[in-house]
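No lab work stands behind these numbers, since they all come straight from the coordinates. As the structure is a prediction and not an experimental result, all values here were calculated from the model. Don't worry about glycine lacking a Cβ; one is built from the backbone with ideal geometry, like all the others, and counts go over all protein chains shown.
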Amino acid sequence: MSYDEQLLKKQERFAELLKGIDCEIAPMIGAEDPYHYRNKVHAAFGRVKGKVISGTYAEGTHKIVQNDSCIIEDRTAASIIADIRMLVTDFKLPVYDEKTGNGLIRRVLIRMAVATGEVLVVLVNGNSFFPGKKNFIARLRVLHPEITTVVVNINNRKDSMILGGRSETVFGPGFITDELCGLKFRISAESFYQINHAQTERLYSTAMSLAELKPDDKVLDAYCGIGTIGMAASKIAGSVIGVELNGTAVRDAITNKKINGRKNIRFICSDATHFINEAVAADNKYDVVFMDPPRSGSTREFISAVDRLKVPRVVYISCNPETLARDLKVFTQLGYKVKTAIPVDMFPWTDSIEAVTLLQKT
Ligand code: SAH
C-alpha cells in the first residue's frame, strides 16, 4: 500500500471510530519521510546451523527472522547491529539459548538521539561472564565512532522482557541526551521515549497551539511520563504540575526539569484519578489539562473531576482511538464540546493511530 493510501485508510478508520461524536476531524498529519523513523531498534540473537543470526521474532513466536534492513528502523542502528553480529562471530562468543539458559549474547538494543546524534548501545547478555569484553567494545567503537555510550545488561529471565534488572555502563555516561521542542531529554536504556522524533515534535506543537496557553495559566499534565508535554507547556504557562504513576518515569522527569532549568513545573508520582480527586477536594483550579493516557484510556472518575473543576480547556492526546471515542462521549455528556480532533501519523506502515483533541467547557 502506498503511504498516501495508508493515510487515507487511517483517516477513514479514525472518522468511523469517532462517528457518534459531534466534532470537526482535521486531515491526518502525515510524516514527511515515512521511512526509517524508529529511533529505538531491538534485535534478538540466535544461532542457526552454526551461524549467528540477528533479527525480529516471527509474529507470536520466538523464532528469529534474520533481518538487516527494516523500512521503519533507523539505518545506523541497523548497521551497528549487523556489525555486532560479525564481531560475535569473530570473537567466537556463545549466543544465548532460551531453552537451556546457556550462552551469552542474547539481544541488542540501540537508541538514537536524533537531534544530537548520540547513540546508546545496550548489549543484553544471558550472564555476566563476558570474555574479551574490553576488546569487543574497542573494536565496535572503531567500526562505529558515532556510538557515545555502551551498557551491558544482564537478563536471564524466562519471560519476554527485553531488559533484565542489572546494568553496567562500560563506555560513556550510560545515557544519551536528545532535544525535543527546544528542550533536552536524558534517555537511558529503560526510559520511555517516543520513537518517532519528527512526528512527536509535530504532535506536541499541535497540542500546544490547541491549548492557546497564556502566561498566567495553571496547567495539569496528566499521565505525563518523563514530562515532555508539561515541560513544553511550562515555557509559556505560569505553572505546571505533571502527574505520573511510574516512579522511574517521574525520576527521569525531575532530572529533565533540572537539565532544562525549569522552575515552574513540579512532578508528582500518583494515580491520575486519585490526584485529580484530591484537587477537587482542595478546590485547586486548572486553566488547561493535558491528558495523554495509556491505550486503556482515562477513567469516568477522572473526567468527572475535570468537569467538577470546571477546567475550561482540555487537550486529550490518545494512542488508541477506541478508548478516545469512549472518553469523549463521557466529556460530551458532561457538557464539554469537542472542538477538533487531529490525527497524527506517528507510526507509518503500522495500523496505529495517534490523535490530539481539543475540548472546551460550554
Ligand atoms: N505524556 C508522556 C507519556 C504518555 S504514555 C509522553 O508523551 O511521553 C502514558 C503514561 O501514563 C505512561 O507513562 C504510564 O506510566 C502512565 N500511567 C498509566 N496509568 C496511569 C495512572 N493511572 N495514573 C497516572 N499515570 C498513569
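What to note about this one:
- The string of couplings for the range 190-195 from the Karplus curve (6.51, -1.76, 1.60, θ = phi - 60°) is 8, 4, 7, 8, 4, 8 Hz, one whole number per residue in order, with x for Gly and Pro.
- For the range 56-64, the Karplus equation 6.51 cos²θ - 1.76 cosθ + 1.60, evaluated at θ = phi - 60°, returns couplings of 10, 6, 5, 3, x, 9, 10, 8, 7 Hz by residue, with Gly and Pro reported as x.
- Highest mobility in the GNM of the chain, judged by mean-square fluctuation with C-alpha springs under 10 Å and restricted to Ser352, Ser160, Ser296, is found for Ser160.
- Each helix, a run of at least 4 DSSP H residues, gives -39500 (n - 2.57); summed and divided by the residues of the chain, these come to -9500 deg cm²/dmol at 222 nm.
- Computed on the range 40-181, with alpha-carbon pairs under 8 angstrom and 6+ residues apart, the relative contact order is 20 percent.
- Amide proton proximity set for Val344, modelled H, under 5 Å, gap of 5+: Ile29, Glu354, Ala355, Val356
- Derived scalar couplings between HN and Hα for the range 116-132 equal 9, x, 6, 10, 9, 10, 10, 8, 9, 10, x, 8, 8, 8, 10, x, x Hz in order, rounded to whole Hz, by the Karplus curve 6.51 cos²θ - 1.76 cosθ + 1.60 (θ = phi - 60°), x for Gly and Pro.
- Among beta bridges from DSSP that stay inside the range 40-181, the antiparallel ones total about 75%.
- Sequence ranges 277-288, 297-308, ranked by mean other-Cβ count within 10 angstrom, highest first: 297-308, 277-288
- Beta-bridge orientation, the chain: approximately 60 percent antiparallel, per DSSP, counting only bridges with both partners inside.
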